[in-house]
Structures are given as C-alpha cells and as structure tokens.
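All remarks here apply to the structure that follows.
The values are calculated or read from the model by the stated rules, or taken from the named source; none is laboratory data. On a predicted model such as this, the values are computed, not experimentally measured, just so you know. Every residue, glycine among them, receives a Cβ derived from its backbone with ideal geometry; neighbour counts consider all protein chains shown.
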Amino acid sequence: MLNRLDALTQTLHEEVPLTRQMGVRVVGYDGISLSATADFGPNVNIHGTAFGGSQFSICAVAGWALLHLKYEAAGLEVLSVLGDASIKYFLPVKGEIRALCRLPEDGTFEPFMKRVGNRERAAITLVTEIWSDERVAARFRGRYSALFG
C-alpha cells in the first residue's frame, strides 16, 4: 500500500500545487481511515503554531483522498468536491500537522457508495481530526459530493 500512498501524494502535488508547498503526504490507509501529514515549517503562523488555514486545507485534502481511494477500490471513476465545511480548533499545534479522516460509523457510507455506483447524486459528511500530543487539536466536518465526468 505504501507505493499507492506515494502515488496519491504525487497526484496531490501535481493537481493541487499548494499541497507540495505545504509538505502534505498521505502516510496511512487501512480501508477505513486515512492519515496525512504536513510539514510544520511552511505552515507556521506568527504565533509559532500551525496556521489554521493550513489545518483546514490538510483536513479537506484528507477527506478527498479517502474518498478517492474508496472510489478506486470500487472501480469507479468519480471525482469529489467539497461543498460545505467547518472546523473547530481546540489546541495549538506546535509541530508536524497530523490529520486523520475516518469513514462515518453511522451507516451512511454504504448507501452513499451505492448511489455513487448508480451514478446518482450523492453527498457524504466526513470528519477529519488534527492530532497533536495524542490529543485532538481540531475537528473538521466536510460535506463532499460525487461528480461524474
């Protein structure tokens, strides 16, 4: 799986150049959750902590990447777009930005994928958390819609 994650990171860097500048890397995927990191240096703010906009951005990318891998595994050519999102910040992040996005546990993912497979309008809310010192530093909620080419 590591090679697939490296390829996905490369795709992100090519398609969304900001991710390269941020030092974003997709570092883990187990079929249920995806983890991504971003370098601290290019994402630091004037307070010496991770910039909130960078945290928002890596969360948005982590959700997109998780859906991308799920679509790929299902053999579907689908794009995702972020239609609505919010983030709450709880703690400052003083090092590498670590984001973890999980599939929802509320039973919404399977019907979502069924609609996607049928090329019907479909949207899903994903939650991504920023972790720092083994605690949740921020929580992002994003509503992603499926787009068909």
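Exactly one condition in (1) modelled with pLDDT of 95 or more; (2) among the small types (Gly, Ala, Ser); (3) exposed (fewer than 14 other Cβ atoms within 10 Å of the Cβ) is false for residue 149; which is it?
Against the list (1) modelled with pLDDT of 95 or more; (2) among the small types (Gly, Ala, Ser); (3) exposed (fewer than 14 other Cβ atoms within 10 Å of the Cβ), residue 149 comes up short only on (1).
Hey, can you tell me all the residues within region 19-51 that are over 12 Å from residue 101 (Cα atoms), touching a Phe, Trp or Tyr at 6+ places or on another chain (Cβ under 8 Å) and in contact (Cβ under 8 Å) with a residue 40 or more places away in the chain?
Answer for region 19-51, where residues must be over 12 Å from residue 101 (Cα atoms), touching a Phe, Trp or Tyr at 6+ places or on another chain (Cβ under 8 Å) and in contact (Cβ under 8 Å) with a residue 40 or more places away in the chain: 43, 50.
Just to check your reading of the model, which residue among 93, 116, 78 is of a type outside the set (D, E, K, R), under 21 Å from residue 28 (Cα atoms) and in contact with a strand residue (DSSP E or B) (Cβ under 7 Å, 6 or more places away or on another chain)?
Residue meeting the stated conditions: 93.
Provide a single number: the residues in region 122-138 that are within 14 Å of residue 76 (Cα to Cα) and more than 19 Å from the chain's Cα centre (by Cα).
0
Any idea which of (1) at pLDDT 95 or above; (2) touching a helix residue (DSSP H, G or I) at 6+ places or on another chain (Cβ under 8 Å) is the one residue 4 doesn't satisfy?
(1)
If you take the residues of region 57-110 that are of a type in the set (Val, Ile, Thr) and touching a residue at least 24 places away in the same chain (Cβ under 8 Å), which of them is surrounded by the fewest Cβ atoms within 10 Å (Cβ to Cβ)?
Step by step, filter region 57-110, then rank; the result is 81.
May I ask you to list the residues in region 25-39 that are hydrophobic (A, V, I, L, M, F, W, C) and crowded, with 18+ Cβ neighbours inside 10 Å?
Within region 25-39, 26, 34, 36, 38 meet the criteria.
When you go through 119, 141 one by one, which is the residue that is over 14 Å from residue 71 (Cα atoms) and either within 15 Å of the chain's Cα centre (by Cα) or part of a loop (DSSP other than H, G, I, E, B) (or both)?
When all the criteria are applied, what remains is 141.
Kindly list the number of the only condition in (1) assigned to a strand (DSSP E or B); (2) crowded, with 16+ Cβ neighbours inside 10 Å that fails for residue 113.
(1)
What number goes with the only condition from (1) farther than 22 Å from residue 27 by Cα; (2) in contact with a strand residue (DSSP E or B) (Cβ under 9 Å, 6 or more places away or on another chain) that residue 140 does not pass?
Condition not satisfied by residue 140: (1).
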